[in-house]
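A.B. asks: This is the structure I want to talk about, given as structure tokens.
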Amino acid sequence: MNIERNKVVSFHYSLFETDGSQIESSQGRDPLVILHGHGNIIPGLEKALEGKAAGDHVEVTVEPADAYGERSDALLQRVPKKHFGNAKLEPGQMLMVQTQQGSRPLKVLKVGMSVVDVDFNHPMAGKTLRFEVDIQDVRDASEEEIAHGHAHGPNAHAH
Ligand code: ZN
């Protein structure tokens, strides 16, 4: 069975920067389980998996535009300190914050008396990424999975 929209794909992956240093890997953990064609993973990787099958090894280099996007200066922002409540803030710290677009990571750049400079760029924005993927399993999605837009079952989405 080949990977196409509305298939559920299980795979192991390792993610590298272009200099060869490893960012993360699923080896030694459960494989990642995704519903293909629903944007569960970055576009460049989804494209690379299209048409592949269980047992295939896929290596792909993904430019920022097809990964986490380019870095944007518009995402460097100054926000009132009171938005963070009593949280202790330090430069370099990563936080998850709730916004109107959902939960987003931010990095604290500078902490002032009443304002905090933060970076809303995704930590991997602007990076060219190399993936090595081993496809474990490909199956048809259930109607419920397609309706929800994500895979269910062991190692997959939990409600
Ligand atoms: Zn669901």
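Every read-out reported here was derived from the displayed coordinates using simple, explicitly stated rules and does not represent laboratory data. The shown structure was predicted, so the numbers you read here are calculated from the model rather than taken from an experiment.
A.B. asks: Using only the Cα atoms of the stretch 8-50, what do you get for the radius of gyration and for Dmax, in Å?
C.D. replies: Radius of gyration, then largest Cα-Cα span, for the stretch 8-50: 11.2, 32 Å.
A.B. asks: So what is the relative contact order for the chain, in percent, with contacts set as C-alpha pairs under 8 Å and at least six apart?
C.D. replies: After rounding, I find 34 percent.
A.B. asks: What's the extension gain from Val58 to Gln22 if we count 0.36 nm per residue and subtract their Cα-Cα distance?
C.D. replies: So the chain would gain 11.3 nm between Val58 and Gln22.
A.B. asks: Which whole-Hz ³J(HN,Hα) couplings does the stretch 150-157 yield from phi under the Karplus relation 6.51 cos²θ - 1.76 cosθ + 1.60, θ = phi - 60°, glycine and proline marked x?
C.D. replies: Going residue by residue, I get 7, 7, 10, x, x, 6, 9, 4 Hz, with x marking Gly and Pro.
A.B. asks: Given 37 °C and 0.692 mPa s, compute D for the chain with the Stokes-Einstein relation, Rh being the Kirkwood radius over Cα pairs; round to the nearest whole µm²/s.
C.D. replies: Values: Rh = 17.7 Å.
Roughly 186 µm²/s, to the nearest whole number.
A.B. asks: Within the stretch 1-130, count lysine pairs with alpha carbon atoms under 15 angstrom apart where the residues are 8 or more positions apart or belong to different chains.
C.D. replies: 7
A.B. asks: Report the full-extension gain for the segment Thr128 to Glu70: residue separation times 0.36 nm, less the Cα-Cα distance, to one decimal in nm.
C.D. replies: The span from Thr128 to Glu70 would gain 19.9 nm if fully extended.
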